[in-house]
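Chemist: This is the structure I have questions about; it appears just below.
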Amino acid sequence: MTNEPLKYTGFYSESPRPGILGWLLSTDHKRIGIMYLVCIVTMFLVAMCLGLALRLELIAPGPTIMGPQTYNATFTVHGIIMIFLFIIPSIPAAFGNLVLPIQIGARDVSFPKLNLLSWYCYIIGGILAVISIFAGGGAPDTGWTFYVPFSTQTTTNVNLAVTGALMLGFSSMLTGINFVTTIHRLRAEGMGWGRLPMFVWTLYSTAWIQILATPMLGITLILIVLERVFGAGLFDAARGGDPILYQHLFWIYSHPAVYIMILPGMGVISEIIPTFSRKPLFGYWAMAFSSLAIAFAGSLVWAHHMYASGMSDFAILVFSFLTFIVAIPSAIKVFNWVSTLYKGSIQLAPPMLHALAFIFNFAIGGLGGLALGAAASDIHLHDTTFVVGHFHYTMFGGTGFAFFAALHYWLPKFTGRMYNHKIAVISWGLVFVGFNVTYMAMQAVGVQGMPRRYYDYLPEFMPLNVVSTVGSWVLAIGLVMMFVNLWNGIRRGHPVGKNPWGSATLEWTIPSPPPMENFGEEDPIVTKGPYDYKGVVADEY
Amino acid sequence: MNQLNNPTAQAVDNVLIYIFGFSLLLLLGITVVTIYFVVKYRRSKCPEPTSQVEGSWLLETIWTVLPIIIVMTMFWYGWSNYVGLREIPADAMEVKATARMWSWQFEYPDGRKETKLYVPVNKPVKVLLYSTDVLHSFFVPAFRIKRDTVPNMESYVWFQAPETGSYDIFCAEYCGVGHADMTTSVEVLSEEDYAQWASSATVSADPRGLIVLNEQGCIGCHSLDGTENIGPSLFELAGNPREIEKDGKTIEIIIDEAYLQRAIRDPDAEITKGFDPMMPAYDEEAINNEDLQAVVDYLLGKVAEEEPDGDRLMVENGCIGCHSLDGSESIAPTFKGIGQREVTIERDGQSVTIKVDAEYLRRALLDPNAEIVKGFAPMMPAADYLSAEEIDAIIKRLLQE
């Protein structure tokens, strides 16, 4: 630790416009990435507090700290913020923007102005979502899934929340278009497809889902508004509509969306594990193609959310089969990560600890998904807290931990400062233990039969709920410690050199923080692969 | 989770155990290998990697093909046991379950309505699922069955309980503020208890005259609905003419009280044309005068329709799911003291304070969203499916509050 005041160098100091406008009107991918990062972390902290309140309510049967309407609004807002404002943009919009162009040797994304527009879509969507909590009518109480007919009948601010989600969808699509184009058009000389860092491959797969699936979300959300405002009757069976049709439309986007959420996380892990093993990523092409396979197969499994909905048994047969197919590329990734460790030189630095925790959590989440994909067992587990636990294992234990890993891995690059490693390891331990206690107990009480979205429950479900709530406090303490440590690192940490971890991708060949133009006068020429550590030396810090 | 030896729970649990078992093994394997590698190849011991291997297509093939085989067994096992949840045994009894915000109603084939699902032990039960408003889901953890109730769509589940007892029913599909309280139970009764429960239904519901007709076996020869049988039908008798043979002559009479009494006490004296004289006579020992009167009254349609029970209607139709009876806060105005109350309502955008009376309550039942009590949301479904008598009974009951 040093008491030197934070000096703004690199892209922080070089800007055509001074002050705040230099940020709000900047088309630089790093500045936009930092703006995304600040908003996304803020949103995470807000929704985390809501989640803690939900857990506290569930510490005992009956109303504990809130009544049913407040509880319903709280889990709805927790879900909307976490899904649309945190997880979906977390890694692609924040770290994708920061890292992707540099990793392929480009000076910016293909459409810098579109990039800024997508940030404004995100901000407008976020503001609308926040207004919907406080405006008259009350916070939306539909759950983040907006299932009809309930969502067309409730008097809460569903229209606003839906419009907010629509704007966030546009933001996501624009980012996807930008990334696909950038990866195709702006790779540096020598950066062939076989030399793309795996993070870029996963962003590429993600971007295709963003482009192809997100319009479905837009259509679905507009149909809800039509239904609410004009009584269109599209989902009303009494007038020739069909409530189950809504569920298909919703999940045609929202299932691929969970791969939008997890794939970039897998990319982060695929960067960190080779770096801290000093060994090439095992099975490069298997990893690249499994990313594309997840994106493709993941688009065909949406109706596995609907086994109990009243959908035909034949549809259940088909979607159950396809669901098991999508398990394969995820399994391949896990095996390749573990094999990368073999005969490596493993350093348990904070990013690596988060990456290893990711593998463990994601394995539990993925394996739990098998029980949900099989038709018979899903009938019991569907709509219980097991599903909530499973979802958090993949999205929080998976993407969340990958996001923390990315923060610990790349923040020193983009701030030029290193955080305290000892506190980072302790906070990692608390987060890991707290996380597993919280959500394993939640899964267990779901197997017992406790339905989800219950503010009140029968006494027999109490012991595991208490365990889960206590776990959430450990988790929260760990998270606060982690964010405080990172913040202190940004403000007062040791300055770091170009390459504190000894990584081999291009972003570690330029100063920390990077200059506005990324690379010097001449464009880089790439002569080796992303995981070729021969001759790469980690800078002391 | 208190009983697992029923057929649907076994179908689900076998799959769960198979998948969870395999998953645990895989998780253990991955974790142990990871920890082993991390410890063995730690940087303090291995400052440089001892291998620069970039992959192995043999390994990739193995760990692609093996998982495919494993998950395909899971898929098939899950599917084939799911089929067992959909195929209903031939001797299953049927009960209709209707979900609405935020309570359940179970209707039996004889029209009896209950708020709990009473079933006999060891009998397959098919539950037909309906919803009157939004999505709900019928979930009985003990039987591992779950199915959404969708408005305007019929769906079903089945189960068979091998032991008596009470089993929780939950609503598993989020449906609004009362979602967590939308619980009831399956009451599994022994065969004797169930028979008693079922017959008590008949006793309480039917007028005495009909019970006598049933008990004396009259229905065996005389239909109640106009169908031809051995004896003339008892359908719509009052005031109708009938040709009878008396003392060898055919005459036409108008059916009245005196005729019916004669026809029961001394049936062979007057025979309805076209039928044989074969009905036994019922003297006072078989049917006393009081019961005779009850039967005649019933046949002439004089039985005063029993006034519907307001309390029961409010439970059956789920009113008290939202309107409390004890004055507690809920999402709708409480019923306690509603008969003596003045309420402020929003009507056509204006606030009006009125005294609660029968007319207001009728409007509130039939067109609930035209006038909304201040501070509450317009969300109540109209009770226009009730008969006029039932509406009257509810209003009468509410005004007593």
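The values are calculated or read from the model by the stated rules, or taken from the named source; none is laboratory data. Note that this is a predicted model, so its numbers are computed, not measured. Ideal geometry is used to build each Cβ from the backbone, glycine not excepted, and the neighbour counts take in all protein chains shown. These accessible areas exclude ligands, DNA and RNA; they are computed on the full protein's heavy atoms, side chains included. Shrake-Rupley method; radii C 1.70, N 1.55, O 1.52, S 1.80 Å.
Chemist: Here's a check for you: in the stretch A:44-76, which residue that is more than 23 Å from the chain's Cα centre (by Cα) and assigned to a helix (DSSP H, G or I) is farthest from the other protein chains (Cβ to nearest Cβ)?
Modeler: If we take residues in the stretch A:44-76 being more than 23 Å from the chain's Cα centre (by Cα) and assigned to a helix (DSSP H, G or I), then A:LEU56 is farthest from the other protein chains (Cβ to nearest Cβ).
Chemist: Being facing chain B (nearest Cβ under 7 Å) and of a type in the set (Phe, Trp, Tyr), is that true of even one residue in the stretch A:360-372?
Modeler: Checked the stretch A:360-372: at least one residue is facing chain B (nearest Cβ under 7 Å) and of a type in the set (Phe, Trp, Tyr).
Chemist: Before we move on, is A:GLY446 open to solvent by less than 20 Å² (accessible area, probe 1.4 Å), of a type in the set (Gly, Ala, Ser) and either more than 22 Å from A:ILE87 (Cβ to Cβ) or away from every other protein chain (no Cβ under 12 Å) (or both)?
Modeler: no
Chemist: Please verify whether the stretch A:368-390 includes one or more residues that are open to solvent by 30 Å² or more (accessible area, probe 1.4 Å) and without any contact (Cβ under 8 Å) to a residue 40 or more places away in the chain.
Modeler: no
Chemist: Can you name every residue in the stretch A:323-347 that is of a type in the set (A, V, I, L, M, F, W, C) and at the interface with chain B (Cβ under 7 Å from one of its Cβ atoms)? Spell out the reasoning first.
Modeler: The first filter runs over the stretch A:323-347 and keeps only residues of a type in the set (A, V, I, L, M, F, W, C), leaving A:324-328, A:331-332, A:334-335, A:337-338, A:341, A:346.
The answer is A:PHE324, A:ALA327, A:ILE328, A:ALA331, A:ILE332, A:VAL334, A:PHE335, A:VAL338, A:LEU341, A:ILE346.
Chemist: Give the stretch A:290-321 a look and list any residue that's in contact with a Pro (Cβ under 8 Å, 6 or more places away or on another chain) and under 30 Å from B:THR34 (Cβ atoms), or say none.
Modeler: Hits for the stretch A:290-321 are A:SER290, A:SER291, A:ALA293, A:ILE294, A:ALA295, A:ALA297, A:GLY298.
Chemist: Can you tell me which residues in the stretch B:273-331 are open to solvent by less than 50 Å² (accessible area, probe 1.4 Å), of a type outside the set (D, E, K, R) and under 24 Å from the mean Cα position of the chain (by Cα)?
Modeler: Within the stretch B:273-331, B:PRO308, B:GLY310, B:LEU313, B:MET314, B:ASN317, B:GLY318, B:CYS319, B:GLY321, B:CYS322, B:HIS323, B:SER324 qualify.
Chemist: Can you name every residue in the stretch B:93-141 that is open to solvent by less than 40 Å² (accessible area, probe 1.4 Å), closer than 22 Å to B:GLN10 by Cα and not in a strand (DSSP E or B)?
Modeler: B:VAL121, B:PRO124, B:PRO141
Chemist: Out of the stretch A:143-164, which residues are within 15 Å of A:PRO243 (Cα to Cα) and of a type in the set (A, V, I, L, M)?
Modeler: Scanning the stretch A:143-164 gives a single hit, A:VAL148.
Chemist: So, one more: If I filter the stretch B:117-124 for residues that are within 7 Å of chain A (Cβ to nearest Cβ) and either of a type in the set (Lys, Arg) or in contact (Cβ under 8 Å) with a residue 24 or more places away in the chain (or both), do I get at least one hit?
Modeler: No: the stretch B:117-124 contains no residue that is within 7 Å of chain A (Cβ to nearest Cβ) and either of a type in the set (Lys, Arg) or in contact (Cβ under 8 Å) with a residue 24 or more places away in the chain (or both).
Chemist: Looking at the structure I just gave you, is B:SER351 of a type in the set (S, T, N, Q) and part of a strand (DSSP E or B)?
Modeler: Against the criterion (of a type in the set (S, T, N, Q) and part of a strand (DSSP E or B)), B:SER351 qualifies.
Chemist: Report the residue count in the stretch B:19-40 for those that are more than 8 Å from chain A (Cβ to nearest Cβ) and crowded, with 19+ Cβ neighbours inside 10 Å.
Modeler: Residues meeting the conditions: 0.
Chemist: Determine which single condition A:THR154 fails, assuming it passes every other condition in (1) open to solvent by 10 Å² or more (accessible area, probe 1.4 Å); (2) over 19 Å from A:PHE235 (Cβ atoms).
Modeler: Status for A:THR154: all satisfied but (2).
Chemist: Which members of the stretch B:142-166 meet the condition of being open to solvent by less than 10 Å² (accessible area, probe 1.4 Å), more than 10 Å from chain A (Cβ to nearest Cβ) and within 16 Å of the chain's Cα centre (by Cα)?
Modeler: Correct list: B:PHE159 only.
Chemist: Here is a further query. For the stretch B:346-376, what are the residues that are hydrophobic (A, V, I, L, M, F, W, C) and either open to solvent by less than 40 Å² (accessible area, probe 1.4 Å) or away from chain A (no Cβ under 14 Å) (or both)?
Modeler: B:VAL352, B:ILE354, B:VAL356, B:ALA358, B:LEU361, B:ALA364, B:LEU365, B:LEU366, B:ALA370, B:ILE372, B:VAL373
Chemist: Something else: Does the stretch B:41-48 contain at least one residue that is out of contact with any Pro (no Cβ under 9 Å at 6 or more places or on another chain), open to solvent by 30 Å² or more (accessible area, probe 1.4 Å), within 22 Å of A:PHE360 (Cα to Cα) and in a loop (DSSP other than H, G, I, E, B)?
Modeler: Yes: the stretch B:41-48 contains one or more residues that are out of contact with any Pro (no Cβ under 9 Å at 6 or more places or on another chain), open to solvent by 30 Å² or more (accessible area, probe 1.4 Å), within 22 Å of A:PHE360 (Cα to Cα) and in a loop (DSSP other than H, G, I, E, B).
Chemist: Please tell me if A:GLY400 is in a helix (DSSP H, G or I), within 26 Å of B:ILE30 (Cβ to Cβ) and away from chain B (no Cβ under 12 Å).
Modeler: Answer is yes for this residue.
Chemist: Collect the residues in the stretch A:496-508 that are farther than 17 Å from A:MET418 by Cα and either touching a Leu at 6+ places or on another chain (Cβ under 6 Å) or outside any loop (DSSP other than H, G, I, E, B) (or both), keeping them in residue-number order. First the steps, then the outcome.
Modeler: Applying the first criterion (farther than 17 Å from A:MET418 by Cα) to the stretch A:496-508 yields A:504-506.
The one that is farther than 17 Å from A:MET418 by Cα and either touching a Leu at 6+ places or on another chain (Cβ under 6 Å) or outside any loop (DSSP other than H, G, I, E, B) (or both): A:LEU506.
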